[in-house]
Amino acid sequence: SALLSLLEWDYGLEGRRIQMAAMCALISLMMGAHPILPRHGGKIMTQLMTCIGRANQDDGKRNNQIQTREEHDACHACLNLALHTASVALILCGSRAEQVLTMIETTQKTYPPYLIQSCANIRQAASNLLQNENEQNGDNHDERT
């Protein structure tokens, strides 16, 4: 819960740094606590989708105003890390995380197009992670024999 609340932090560059540090810690925590994650998948994915939505929204607003290159880069780095973290969460948290993505996609009139596209991006990234893991496990097995 403490890490998830840090994802809501959105006060400029320092806020982005806090969000990114929280996402790195969340990935480590999810890897270590994977057996109990299915119970928490909904709230984890919801917070990550909120972070993704906010990063997209902030970037869109600031494009119409003055945005420094550093703010722009931090926003995009945060967005990319949130998408990666969400893909890890989808793999480890299972159906409850999937339900959040499905709900966003099936109520399209409620959510902006970039958030709906993010659901597809998360699924694709999760698929790529699993494929890479399977390929590495196959390669490691070949090296041992």
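One line per residue, one yes/no per condition, for (1) over 16 Å from the mean Cα position of the chain (by Cα); (2) more than 19 Å from Leu129 (Cβ to Cβ):
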residue: Gly15; (1), (2): yes, yes
residue: Ser28; (1), (2): no, no
residue: Leu37; (1), (2): no, no
residue: Met45; (1), (2): no, no
residue: Asp58; (1), (2): yes, yes
residue: Ala74; (1), (2): no, yes
residue: Thr85; (1), (2): no, no
residue: Ile91; (1), (2): no, no
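Can you say whether Ile52 is of a type in the set (Val, Ile, Thr), within 26 Å of Glu105 (Cα to Cα) and out of contact with any His (no Cβ under 8 Å at 6 or more places or on another chain), as far as the supplied structure shows? Talk me through it step by step, then tell me what you get.
On the way: of a type in the set (Val, Ile, Thr): yes; within 26 Å of Glu105 (Cα to Cα): yes; out of contact with any His (no Cβ under 8 Å at 6 or more places or on another chain): yes.
In short, yes.
Output the residues belonging to the stretch 1-47 that are within 12 Å of Ala89 (Cα to Cα) and open to solvent by less than 40 Å² (accessible area, probe 1.4 Å).
Met23, Leu26, Ile27, Met30, Ala33, Leu37, Gly41, Gly42, Ile44, Met45, Gln47
Got a number for residues in the stretch 85-112 being in contact (Cβ under 8 Å) with a residue 24 or more places away in the chain and either among the small types (Gly, Ala, Ser) or surrounded by fewer than 17 Cβ atoms within 10 Å (Cβ to Cβ) (or both)?
8
Quick one: what pairs do we get from the stretch 114-131, first residue closer than 14 Å to Val100 by Cβ, second among the charged types (D, E, K, R) and open to solvent by less than 60 Å² (accessible area, probe 1.4 Å), C-beta under 6 Å, 6+ apart or different chains?
From the stretch 114-131, the pairs are Ile116/Glu105; Cys119/Glu105.
Taking the condition assigned to a helix (DSSP H, G or I), over 14 Å from the mean Cα position of the chain (by Cα) and modelled with pLDDT of 95 or more, does Gln99 pass?
Numbers: assigned to a helix (DSSP H, G or I): yes; over 14 Å from the mean Cα position of the chain (by Cα): yes; modelled with pLDDT of 95 or more: yes.
Spelling it out, Gln99 is indeed assigned to a helix (DSSP H, G or I), over 14 Å from the mean Cα position of the chain (by Cα) and modelled with pLDDT of 95 or more.
The values are calculated or read from the model by the stated rules, or taken from the named source; none is laboratory data. A quick note: this is a predicted structure, and the numbers were derived from the prediction, not measured. Positions of Cβ are backbone-derived with ideal geometry, glycine not excepted, and every protein chain shown enters the neighbour counts. Just the protein is used for accessible areas: all its heavy atoms, side chains included, with ligands, DNA and RNA removed. Shrake-Rupley method; radii C 1.70, N 1.55, O 1.52, S 1.80 Å.
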